[in-house]
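> Would you mind keeping the following structure in view while I ask a few things?
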Amino acid sequence: GEADPKAGEGAGEQFHLGRVATPDEVAAWDIDVRPDGLGLPEGSGTVAQGEAIFDENCASCHGDFGEAVGRWPVLAGGQGTLKDDRPVKTIGSYWPYLSTVYDYIHRAMPFGNARSLSNDDVYALTAYVLYLNDVVTDEDFELSKSNFASIHMPNEKNFIPDDRDSEPQYANESEPCMTDCIPGKAKITMHAAVLDVTPEANADKKDEAPAAGIE
Amino acid sequence: GEADPKAGEGAGEQFHLGRVATPDEVAAWDIDVRPDGLGLPEGSGTVAQGEAIFDENCASCHGDFGEAVGRWPVLAGGQGTLKDDRPVKTIGSYWPYLSTVYDYIHRAMPFGNARSLSNDDVYALTAYVLYLNDVVTDEDFELSKSNFASIHMPNEKNFIPDDRDSEPQYANESEPCMTDCIPGKAKITMHAAVLDVTPEANADKKDEAPAAGIE
Amino acid sequence: KAGLAGGAALAASKAQAAGDPVITEVQDWNRYPGDGVDVHPYGMPSQFEADVVRRNVAWLTADPISSINFTPLHSLDGIITPNGLCFERHHAGAAVIDPKEHRLMINGLVDKPLIFTMEDLKRFPRYNRVYFLECAANSGMEWRGAQLNGCQFTHGMLHCVMYTGVLLKDILNEAGVKTSGKWVLAEGADASAMTRSIPLDKAMEDCMVAFGQNGEALRTEQGYPLRLVVPGFEGNMWVKWLRRLEVGDEPWQQREETSKYTDLLPNGKARRFTFAMDVKSVITNPSPQAPITHGKGRTVLTGLAWSGHGTIKRVDVSIDGGRNWHTARIDGPSLSLALHRFYYEFDWDGSDLYLQSRAIDEKGYVQPTKNELRATRGENSIYHNNGIQTWYVNKDGVAENVEVS
Amino acid sequence: KAGLAGGAALAASKAQAAGDPVITEVQDWNRYPGDGVDVHPYGMPSQFEADVVRRNVAWLTADPISSINFTPLHSLDGIITPNGLCFERHHAGAAVIDPKEHRLMINGLVDKPLIFTMEDLKRFPRYNRVYFLECAANSGMEWRGAQLNGCQFTHGMLHCVMYTGVLLKDILNEAGVKTSGKWVLAEGADASAMTRSIPLDKAMEDCMVAFGQNGEALRTEQGYPLRLVVPGFEGNMWVKWLRRLEVGDEPWQQREETSKYTDLLPNGKARRFTFAMDVKSVITNPSPQAPITHGKGRTVLTGLAWSGHGTIKRVDVSIDGGRNWHTARIDGPSLSLALHRFYYEFDWDGSDLYLQSRAIDEKGYVQPTKNELRATRGENSIYHNNGIQTWYVNKDGVAENVEVS
Ligand code: HEC
Ligand code: HEC
Ligand SMILES: [Ca+2]
Ligand SMILES: [Ca+2]
Ligand SMILES: [Ca+2]
Ligand SMILES: [Ca+2]
Ligand SMILES: [Ca+2]
Ligand SMILES: [Ca+2]
Ligand SMILES: [Co+2]
Ligand SMILES: [Co+2]
């Protein structure tokens, strides 16, 4: 009785369902931007314009310099920390492509009032975030559709494909040990109870600093 | 991965769980009564005693003569109707064993206050229900543990074992017809819409008489 | 407010765009956040699914505390019934029992009578099995002809969940069944103290004592904290709020196996101990509560099939009242004694439809027509009506419960 | 009142009986009726199960509208997660969308861009499949060592339901994918407008566009009315409130595949597009939130195992911190890319336990230790932590999240 979804009745067949999307409909939703510039709208904005919009709409969470207020995300800094015990991953220190900044601000920010920014606003904010991260240093720098693809992010080269299969625990296939695998009795090396960052029922422990966050 | 429950680890094994029940515990719950009299407690009650208890505790639903008030169950009558279009199945017309009457009243009646009757009460009520069904005719008849097994219900012989397998639709195995199985176009012989006993959202149609009940 | 001004300009231009405004205009749910993760510790269905509920039929019984409500089969898909929608049948309301105060007793023809707490029971080996449960009275109203307009009412005393529990065999073995033991009486702790006699062979074969359904604890309406699972057998035997199991040498002939759940035949005889549920199916969509609303063209017909004898081997569908049959596609896991989901996709030309489905199980039993059943059983059996159901669908897509010749 | 007097006499005699009073005295639920069938059109869990809820961790995020709550794995059994307990992860709260106003668009490298209503989508052939969904950040807190005391928090970004939906392949074919198409961007309609790039091969292999879970409609928190199902791949890719699919020749490098869901290694390099979830398991009972309360003797250890590479072939359990391993009993349906339930029953002698489980999947991948993972990946990866979990159980049965040497 288990039918294979790959071999279901009608596989490859057309069902004549749905209707053709109008150009305006596609334009309304197709706002994504790719590293090669595909999807970038017309428009432009300067660092200085971006600063004004940022101070008004963004700094309350992300801080005046992208340093973040409380636990809201950090947007700048952290360069050179990726090999540290506590790396600070920001647009400047980590993000491989600028297109992601434009795309994300446009679709999701400001948090609580998404899709409220014009294309020019987003160009200006993207320019300002570059400035906060020292990728551009000139307050008069203007980001636009035409110079967008020329900006490269410092960490772009450090992304590699999925090579988990080559790690020793997966690559060196062997029957796992069943008996007397480790000598001696088990010794506890670390207790969760010592850190005890476990949320208790009805307790708000926002102050306790966790040893690692979930992003 | 699919483990067979019949062949699970520990099948037939003892697990040393639970504890032995005390005699009083078993007595408290083991109130069932079988046709052969197993489980009948000491005690007795007469038709006349039963009538008094019935009028007080039962008649409000089942009627003074077991004829039922409204849609509550009928407890008497219906003899000779089992082959009718609308058979009336009661203790007198249908039930094969008297033990069931004792057992059920004791465990479940009066509805809303179960387990409130003494053993003598239940003997008396059982005697009275027999009387309402003309199985006994003497108001002074006393039902007790000792004469219980001597009472036989009129319809006992009409119960037969499950023989569905011998019905033609199951016994005459053959590949079901797939094409041109019935001549002509389908003709509707009966509409639910004509009877329309379907409950409507938020409509209370208690008054509509259904063509058949679910017991 | 540079940002917000820009937004207003954008919205204005979108309003003039050619297309569906739910696409060309930014919607509230695309702009403003919804509820956070601390708002619904136990989630409920969307407000837009408020019509997906169990329904009862007030005139069926004297009082809703000894009554039935029905699973909305026409609103569901797949083979799993959500816990909140499993039909209810109880004889003295749904008992509320603190699991700490619940006990299971084993007595009768055993080496030693035993008492288990819920914690004791959870120490036996546990198993997880998907089984359908059908009330023997499901479709009982239809013996005399088409009556209730909707598969929720004609077939909704049916559900299918994954049970978690222990084997009845394991706990009976713990007490030690004497060789004279042939039957097991199961008793509930509710105010109806429901009792049924189960053949010992069945008890030792595949019955479970379950405390879980679909991953979580049993629901109150399904016998929390403990119910008997009697796979493939009529729902009434699956005693809820299970508190006692007695081993005996004879069946008990209790009210639910004499007055009820016996099948009256036209000659005045009545079958008893008709435990297994017969091979059966029903088209859930289209159906009276779920008409075709999209007009002609591609149409998905779907339904459920099940049998108390194992898996479903095949389901055939007819759209012309049984003249011609098409083998449906059975989809999803095909598990023994569980619901099976079938689909039949076709291009509707807009003409009248007389929809029927016919299930065939692994033992080769073929679902009969209602008239085949009536020919041997008459119209007074109440229980075990597994006849083929017909829905008539007119040119507007409106569906109705009918019988056809 | 002959009847009631008799009852009082009975109750008095029972009170003096030798035994547990919950047995020897008639309890209220055995005497008085409970709620009728018209009281709960959509049922909820018993009041005695009030602690079986999703829980969030306030300090994890700045605000619960972009946060996580966790499935109470320690309170569940079997392989199905009840809909109300499936963990939530959303980035702008749970969007509430009227299905009549929801649309799915297909654009990009297709022959014709298309718009579907929900009703259109339900006319494609439907399928029902059970799949686990795990957030790639599940167990992410544990990279630096034992931190959260309970499998709800260490492993609870995990659920497994039966989806009902249509094949992504079927709707992409309807639009006609151009030969240059290699990736699909999936986009949500919520206020985070979540986007992820899915390889076209995966999209055509087994992805679904689902509108049902466990028989009923998708829940709001899971993307009602429509979500993407990407079997075996990290949960973030299963875009909720799905409104758009764009076919392209390159991945989009969106925020959730660059800033997030990339795995930072000790050399400063970061892996991207680490889609498949690795072979993994966890003991759910005993565990810190579910200690052993029955003392020595027969003990049921149970847990879950899963792999993004197919079925689970075997689970081994150690009670001595990995010195010796015992093959556990896998129970229930073993479905590809679904949770598997395992049990290990043993007689506890009351001494310290160091509990571990180790899953092996059908491709032969063996679940690694946390230290094996740290040796190659360091402690900054956040995602894809499938290391073996250790629970220490002391003589009183109290359990704790630990690491052992
Ligand atoms: C009310 C708080 C708030 C405001 C105001 C706000 N943000 Fe954010 N921002 C967030 C949160 C929360 C996230 C992370 C969301 C998530 O991951 O679910 C975020 C994420 C970001 C990110 C991605 C960070 C990363 O490392 O992935 C960028 C870039 C960003 N915001 C830019 C902006 C800009 C530009 C504005 C103003 C136009 C803005 N934000 C206004 C709360 C805010
Ligand atoms: C408040 C209404 C009510 C009262 C009072 C009541 N009953 Fe009942 N009785 C019922 C209902 C309802 C049923 C059916 C219960 C079910 O099937 O779930 C029933 C069933 C029965 C049956 C089985 C009928 C059958 O055909 O299966 C017997 C016998 C019976 N009652 C006897 C009694 C006796 C004796 C008393 C008094 C001591 C009593 N009843 C008081 C409502 C009542
Ligand atoms: Ca695009
Ligand atoms: Ca500033
Ligand atoms: Ca007995
Ligand atoms: Ca009288
Ligand atoms: Ca909170
Ligand atoms: Ca009512
Ligand atoms: Co039967
Ligand atoms: Co990943």
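The values are calculated or read from the model by the stated rules, or taken from the named source; none is laboratory data. Given the structure is predicted, the values throughout are model-derived calculations rather than measurements. Quick reminder, even Gly has a Cβ in these numbers, built from the backbone with ideal geometry, and neighbours come from all protein chains shown. Quick note on the areas: whole protein, heavy atoms, side chains included, nothing else; ligands and nucleic acids left out. Shrake-Rupley method; radii C 1.70, N 1.55, O 1.52, S 1.80 Å.
> I want to verify the translational diffusion coefficient of the protein assembly as shown in µm²/s; compute it with Stokes-Einstein, Rh as the Kirkwood radius over Cα pairs, at 20 °C and 1.002 mPa s.
65
> Under the rule a/c < 1.5 gives rounded, and otherwise a/b versus b/c splits prolate from oblate, where does the stretch D:55-95 land using the Cα gyration tensor?
It comes out oblate by the Cα gyration axes.
> Okay, next question. Find, to one decimal place in angstroms, the Kirkwood hydrodynamic radius of the stretch C:157-205, where the mean of 1/r is taken over every pair of different Cα atoms and then inverted.
Here the Kirkwood hydrodynamic radius works out to 12.7 Å.
> A 32 angstrom limit on the alpha carbon distance is what I want to check against. Which of A:83/D:313; A:83/D:280; B:157/C:169 exceed it?
In this structure, A:83/D:313; B:157/C:169 exceed 32 Å between Cα atoms.
> I would also like to ask the following. Once both labels are modelled 7 Å past Cα along the beta-carbon direction, what's the residue C:273-residue C:398 spacing in nm?
Result for the modelled spin labels: 5.0 nm.
> If you take every DSSP beta bridge whose two residues both sit in the protein assembly as shown, what share of them, in percent to the nearest 5, is antiparallel?
If we restrict to bridges inside the protein assembly as shown, about 90 percent are antiparallel.
> In the stretch D:285-314, which residues have a backbone nitrogen under 12 Å from the label point lying 7 Å from residue D:51's Cα in the Cα-to-Cβ direction?
Backbone N within reach: D:288-293.
> What spacing in nm lies between the two simple spin-label points modelled at residue A:189 and residue B:160, each 7 Å away from Cα in the Cβ direction?
About 7.7 nm separates the two model spin labels.
> Could you give me D for the stretch A:68-136, from Stokes-Einstein at 20 °C and 1.002 mPa s, where the hydrodynamic radius is the Kirkwood radius over C-alpha pairs? Units µm² s⁻¹, please.
167
> Let me ask something else. Between the alpha-carbon centers of the stretch C:265-295 and the stretch D:63-114, tell me the distance in whole angstrom.
The distance from the Cα centre of the stretch C:265-295 to that of the stretch D:63-114 comes to 36 Å.
> Also, quick follow-up: What shape does the stretch B:72-196 take by its C-alpha gyration tensor, where a ≥ b ≥ c are the square roots of the eigenvalues and a/c under 1.5 counts as rounded, a/b above b/c as prolate, and the rest as oblate?
In terms of gyration-tensor shape, prolate.
> Say R0 is 35 Å: what FRET efficiency, to the nearest 0.05, do residue D:58 and residue A:64 get from their beta-carbon distance?
It comes out at approximately 0.85.
> Assume the label is 7 Å from Cα along Cα to beta carbon: what separations in nm does residue C:327 have to the matching positions in the other copies?
The projected label point of residue C:327 is separated from its counterparts by 3.7 nm.
> Would you tell me the mean number of C-beta atoms belonging to other protein chains that fall within 10 Å of each C-beta in B:174-187, as a whole number?
5
> Just to confirm my numbers, what's the Cα centroid distance between the stretch D:152-169 and the stretch C:329-392 in Å?
Cα centroid to Cα centroid, the span is 32 Å.
> Could you tell me the distance between the Cα centroids of the stretch A:64-114 and the stretch D:212-243, to the nearest Å?
28
> Another one. Any of D:240/D:260; B:89/C:260; C:122/C:240; A:89/D:269; C:178/C:363; A:185/D:395 with alpha carbons more than 21 Å apart? Name them for me.
Going by Cα-Cα distance, C:178/C:363 fall outside the 21 Å limit.
> Compute the Kirkwood hydrodynamic radius of the stretch D:280-402, taking the inverse of the mean of 1/r over all pairs of distinct Cα atoms, and give it in Å to one decimal.
14.8
> P(r) tail for chain C, what percent of Cα pairs lie past 38 Å?
29
> Next question. Would you mind working out the magnitude of the charge dipole of the protein assembly as shown relative to its Cα centre, with +1 at each Lys and Arg C-beta and -1 at each Asp and Glu C-beta, to the nearest 20 Debye?
For this selection, approximately 1280 debye.
> Taking just the alpha-carbon atoms of the stretch A:123-198, what radius of gyration and Dmax come out, in angstrom?
So, for the stretch A:123-198, Rg and Dmax equal 25.2, 69 Å respectively.
> Sticking with this one: For the protein assembly as shown, what is the calculated [θ] at 222 nm in deg cm²/dmol (nearest 500), taking -39500 (n - 2.57) for each run of four or more DSSP H residues and dividing by its residue count?
Counting only the DSSP helices, I get -4500 deg cm²/dmol.
> Using only the Cα atoms of the stretch C:14-115, what semi-axes does the equivalent ellipsoid have when each is the square root of 5 times a gyration tensor eigenvalue? Give whole Å, largest first.
Each semi-axis is the square root of five times an eigenvalue, giving 47, 21, 13 Å.
> Which distances in nm, rounded to one decimal and ordered from shortest, link the label point of residue C:352 to the equivalent label points in the other identical copies, with labels set 7 Å from Cα toward Cβ?
Its label point is 8.1 nm from the equivalent points in the other copies.
> Need one number: buried accessible surface between chains C and B, 1.4 Å probe, both sides summed, DNA, RNA and ligands left out, in Å² to 100.
It comes to approximately 9200 Å² buried between C and B.
> Please give the per residue accessible area of chain D, computed with a probe of 1.4 Å over protein heavy atoms only, in Å².
Spelled out: the 1.4 Å probe surface of chain D, per residue, equals 24 Å².
> OK, next. Show me, for the stretch C:239-252, the HN-Hα J-couplings you get by feeding each phi into the Karplus relation (A = 6.51, B = -1.76, C = 1.60, θ = phi - 60°), rounded to Hz, glycine and proline as x.
Working through the residues one at a time gives 3, 8, 6, 4, 10, 8, 10, 10, 8, x, 9, 9, x, 8 Hz.
> Take peptide C:48-55, look around each residue's Cβ out to 10 angstrom, count Cβ atoms belonging to other protein chains, and average those counts.
Average per residue, whole number: 6.
> Return the average number of partner chain Cβ atoms within 10 angstrom of each residue Cβ along peptide B:101-108.
Other-chain Cβ atoms within 10 Å of each residue's Cβ, averaged: 5.
> In nm, one decimal, shortest first: how far is the label point of residue D:205 (7 Å from Cα along Cα to beta carbon) from the matching points in the other copies?
4.2
> How are the Cα pair distances of the stretch C:83-271 distributed, in percent, across 10 Å bins from 0?
In whole percents, the pair-distance histogram is 9, 36, 36, 15, 4, 0.
> Could you tell me, in Å, what Rg and Dmax come out for the Cα atoms of chain A?
24.4, 71
> Taking the stretch D:206-296 as the region of interest, what is the percent of Cα-Cα pairs per 5 angstrom bin, listed from the shortest bin to the one with the maximum distance?
For the stretch D:206-296, the binned pair fractions read 3, 10, 14, 16, 15, 14, 12, 7, 5, 3, 1, 1, 0 percent.
> First compute the accessible area of chain D with a 1.4 Å probe, then give the percent of it belonging to carbon and sulfur atoms.
51
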